[in-house]
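Participant: The structure that follows is given in the form of structure tokens.
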Amino acid sequence: MVKKFLKVNCMPQDAFTISYVAKELKEKLIHGKISRIVQPAREELTFIIYTGSGNVKLDANLSARGARLSLSEDEKPVPQVAPNYCMLLRKHLQNAEILDIKQHGFERIIYFDLKCVSDFSSSVMRLYFEIMGKYSNAVLCGGDGTIIGALKTTSIGDNTKRLILGGVKYALPEPQDKILPNDVSALKEVLKTEGDKAKIISDRITGISYATALEAVECLGENLTAEQLYGYLFEQTTDPCVTFLNGEPADFKVRSCSHEQVRYSTILEAQAAYYSYTYKKQTFQAAKTKAESALCAQIKKVEKRLAEISSKLVECEGAEKIKLKGELITANIYAIERGAKTLECINYYDPEGGRIKIELDPTLTPSQNAQKYYKKYAKLKRTLLSVSEQKAQAEKKLDYLKSISAHLNAAEEICDLEEISEELVQLGFIKAVKTKNKKTAVTPYRTYEFRGFKIIAGRNNLQNERLTKSLAQDDIWLHTQKYHSSHVAIITDGREVADGVIKTAAEICAYYSDGREGAKIPVDYVKKKFVKKPPKTDAGFVIYTDYKTALAEPDAHRELLKEDL
């Protein structure tokens with residue numbers, strides 16, 4: 001089932017959940033061979049494991065938020081240069097066979113026993129995954145328990161009771177001062193305590209998070225018994241699902257009493273689905289924030305430039321007065337005494353015949369004073385011409401940047417951002433991220449079907465450019481009037497288009513514009529043959545004639561959205 005998650009609330013994985021994850025990982029990966037190891041991020045490892053049924057991707061996220069072991073199908077960027085720990089794992093674990101996967105006691109630790117074979121030797125190693133929030137780690141140990149390497153190491157100088165360092169014997173974290181969940185008599189004592197049962201359970205019992213405790217209380221009731229809690233924690237049957245809160249994702253669960261949920265056949269599938277959505281959401285937000293920051297900086301830069309230009313234009317507004325003074329000095333040159341500091345004379349250009357006072361340089365002759373004003377006038381005219389051109393260019397650039405901003409604001413998923421980021425890279429606003437991943441396909445248009453007609457909408461300026469170029473001469477092209485928007489088109493295949501189809505396409509166009517908050521947005525529509533792109537203009541810029549205008553209420557029409565073609 002495909003469902004888009006709009007909000008992410010990552011819950012901590014506890015020993016209860018990890019016990020089921022470890023069991024399913026063992027069933028899925030036992031006797032598989034590690035064929036590839038990559039480190040997409042500083043606190044993340046990915047293992048490609050070949051099993052009898054094909055390749056499986058195992059993600060080990062060891063960050064403070066979202067720490068987990070999970071299967072995944074998400075494509076993540078691969079650094080061009082592998083980090084040191086990744087190289088260490090490749091050296092020892094390349095082609096290693098998975099002999100066993102277990103949870104250590106009832107702790108948030110899963111370890112893999114691995115048979116490692118090289119050209120000259122064979123050995124058994126153990127890879128520990130400690131899923132413990134900000135203390136999460138991956139530690140590789142030899143057969144004698146000596147640490148070969150760890151993702152996060154400590155040093156002798158660190159103020160820590162537990163040393164994680166190559167050559168040191170691996171030691172488990174110190175146990176918490178809590179009771180074990182399989183001690184029924186101790187559970188009875190805990191449940192006698194008055195108060196919030198979920199908080200009491202999570203505070204007093206090892207390996208149980210508040211989320212799991214709350215789920216148990218909701219399923220079993222506030223008066224649950226020790227036997228019921230024990231059965232819930234160690235029940236072999238599961239009902240994996242992703243739960244929702246107010247229609248949005250909240251967590252994945254081994255089992256849940258929630259009415260808002262999507263069920264899956266295994267916990268690994270539920271976990272993979274949940275974290276796939278969270279990864280896409282987090283990646284989207286990070287990419288959008290990066291693009292917004294870069295674009296905002298450039299917009300402010302151009303706006304500052306426009307303010308400076310406007311200031312110069314204000315200065316140039318006095319050019320005609322400067323010319324007038326030069327002409328009046330010339331007209332009254334016979335009456336000006338050498339060394340005079342001012343000239344007061346009749347202003348011949350004033351309809352009312354008023355008088356004007358003109359400042360003079362006493363060190364200059366009357367003729368030189370006139371020339372001084374003429375030169376200043378000529379300079380202001382040249383400046384006016386130059387600055388006017390600069391203003392037009394700056395306004396054009398600002399309009400283009402705001403068109404990118406409009407598409408950025410309308411972006412809803414990561415594919416909407418891909419070509420916007422590419423456009424920003426081409427403009428030099430952000431740096432290209434160098435990875436080994438190769439882009440295999442062009443991001444598709446938003447594609448709709450209505451009354452037998454296909455409607456397509458671009459996601460950004462680069463797509464708008466391609467979309468418009470791809471249209472047949474009789475296809476209908478749409479764009480909002482006085483707003484930046486997606487280019488939208490109705491593929492006619494030579495048929496007449498009913499008003500209802502144009503209305504729907506116009507509503508989509510209005511929605512994907514920076515006027516989407518308005519009630520009625522004017523949208524121009526015209527046959528493609530009347531749309532032209534002037535040479536050497538920015539991506540997505542066109543001019544058009546012979547158009548009509550429809551008033552449209554913004555509507556995404558998601559019910560008409562089809563699989564991207």
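Participant: If you go through region 334-373, how many residues are open to solvent by 70 Å² or more (accessible area, probe 1.4 Å) and either hydrophobic (A, V, I, L, M, F, W, C) or not in a loop (DSSP other than H, G, I, E, B) (or both)?
Facilitator: Taking region 334-373 and keeping what is open to solvent by 70 Å² or more (accessible area, probe 1.4 Å), we get 334, 337-338, 341, 344, 346, 348-349, 351-352, 355, 357, 359, 363, 368, 371-372.
From what's left, either hydrophobic (A, V, I, L, M, F, W, C) or not in a loop (DSSP other than H, G, I, E, B) (or both): 334, 344, 346, 355, 357, 359, 368, 371-372.
Residues in region 334-373 being open to solvent by 70 Å² or more (accessible area, probe 1.4 Å) and either hydrophobic (A, V, I, L, M, F, W, C) or not in a loop (DSSP other than H, G, I, E, B) (or both): 9 in total.
Participant: Give me the residue from region 225-249 that is open to solvent by 30 Å² or more (accessible area, probe 1.4 Å) and touching a helix residue (DSSP H, G or I) at 6+ places or on another chain (Cβ under 8 Å) and, out of that set, farthest from residue 186 (Cα to Cα).
Facilitator: It comes out as 238.
Participant: Which of (1) open to solvent by 70 Å² or more (accessible area, probe 1.4 Å); (2) part of a strand (DSSP E or B) does residue 81 not meet, given it meets every other one?
Facilitator: (2)
Participant: Exactly one condition in (1) closer than 30 Å to residue 15 by Cα; (2) out of contact with any Ser or Thr (no Cβ under 7 Å at 6 or more places or on another chain); (3) not hydrophobic (A, V, I, L, M, F, W, C) is not met by residue 260; state its number.
Facilitator: (2)
Participant: So which of 443, 468, 447 ends up being surrounded by 15 or more Cβ atoms within 10 Å (Cβ to Cβ), among the polar types (S, T, N, Q) and assigned to a loop (DSSP other than H, G, I, E, B)? Let's see the steps before the verdict.
Facilitator: Numbers: 468 fails: assigned to a loop (DSSP other than H, G, I, E, B); 447 fails: assigned to a loop (DSSP other than H, G, I, E, B).
Within the list 443, 468, 447, the selection yields 443.
Participant: Here's something else I'd like to know. Out of curiosity, is residue 401 surrounded by 13 or more Cβ atoms within 10 Å (Cβ to Cβ) and within 55 Å of the chain's Cα centre (by Cα)? Step through it out loud before you land on a result.
Facilitator: Numbers: surrounded by 13 or more Cβ atoms within 10 Å (Cβ to Cβ): yes; within 55 Å of the chain's Cα centre (by Cα): yes.
When the stated conditions are applied, residue 401 passes them.
Participant: Oh, and also: Do we find a residue being touching a Lys or Arg at 6+ places or on another chain (Cβ under 6 Å), open to solvent by 20 Å² or more (accessible area, probe 1.4 Å) and either part of a helix (DSSP H, G or I) or within 26 Å of residue 145 (Cβ to Cβ) (or both) anywhere in region 106-123? Outline the logic, then answer.
Facilitator: Within region 106-123, the subset touching a Lys or Arg at 6+ places or on another chain (Cβ under 6 Å) is 111, 113.
Now drop any that are not open to solvent by 20 Å² or more (accessible area, probe 1.4 Å), which leaves 111, 113.
If we keep only those that are either part of a helix (DSSP H, G or I) or within 26 Å of residue 145 (Cβ to Cβ) (or both) as well, we get 111, 113.
Yes, the conditions are met somewhere in region 106-123.
Participant: Output the residues belonging to region 127-170 that are open to solvent by 50 Å² or more (accessible area, probe 1.4 Å), more than 22 Å from residue 15 (Cα to Cα) and not in a loop (DSSP other than H, G, I, E, B).
Facilitator: 148, 169, listed by residue number.
Participant: Collect the residues in region 173-202 that are within 23 Å of residue 103 (Cβ to Cβ), in contact (Cβ under 8 Å) with a residue 12 or more places away in the chain and open to solvent by 20 Å² or more (accessible area, probe 1.4 Å), keeping them in residue-number order.
Facilitator: 173, 174, 175, 176, 178, 179, 180, 182, 184 - these are the residues of region 173-202 that are within 23 Å of residue 103 (Cβ to Cβ), in contact (Cβ under 8 Å) with a residue 12 or more places away in the chain and open to solvent by 20 Å² or more (accessible area, probe 1.4 Å).
Participant: Looking for something in a loop (DSSP other than H, G, I, E, B), under 13 Å from residue 16 (Cβ atoms) and modelled with pLDDT of 90 or more - is there at least one such residue anywhere in region 221-229? Spell out the reasoning first.
Facilitator: Within region 221-229, the first condition is being in a loop (DSSP other than H, G, I, E, B), and the residues that meet it are 221-225.
Of the ones still in play, those that are also under 13 Å from residue 16 (Cβ atoms) are none.
There is no residue in region 221-229 that is in a loop (DSSP other than H, G, I, E, B), under 13 Å from residue 16 (Cβ atoms) and modelled with pLDDT of 90 or more.
Participant: Something else now. What residue, of 17, 51, is surrounded by 20 or more Cβ atoms within 10 Å (Cβ to Cβ) and more than 19 Å from residue 141 (Cβ to Cβ)?
Facilitator: Values: 51 fails: surrounded by 20 or more Cβ atoms within 10 Å (Cβ to Cβ).
On inspection, the qualifying residue turns out to be 17.
Participant: Taking residue 209, is it of a type in the set (S, T, N, Q), under 37 Å from the mean Cα position of the chain (by Cα), surrounded by 19 or more Cβ atoms within 10 Å (Cβ to Cβ) and farther than 25 Å from residue 127 by Cα? Show your work before the answer.
Facilitator: On the way: of a type in the set (S, T, N, Q): yes; under 37 Å from the mean Cα position of the chain (by Cα): yes; surrounded by 19 or more Cβ atoms within 10 Å (Cβ to Cβ): yes; farther than 25 Å from residue 127 by Cα: no.
The answer is no for residue 209.
Participant: Is there a residue being in contact (Cβ under 8 Å) with a residue 40 or more places away in the chain, open to solvent by 40 Å² or more (accessible area, probe 1.4 Å), of a type outside the set (D, E, K, R) and assigned to a helix (DSSP H, G or I) anywhere in region 250-273?
Facilitator: no
Participant: Return only the number of the condition from (1) assigned to a helix (DSSP H, G or I); (2) on the phi > 0 side of the Ramachandran plot that residue 88 does not satisfy.
Facilitator: Here residue 88 meets the rest and fails (2).
The values are calculated or read from the model by the stated rules, or taken from the named source; none is laboratory data. The structure displayed is predicted, hence computed values, not measured ones. Cβ atoms come from the backbone with ideal geometry, glycine included; neighbour counts cover every protein chain shown. Ligands, DNA and RNA are stripped out before the accessible areas are found, and what is left, the full protein with its side chains, is counted by its heavy atoms. Shrake-Rupley method; radii C 1.70, N 1.55, O 1.52, S 1.80 Å.
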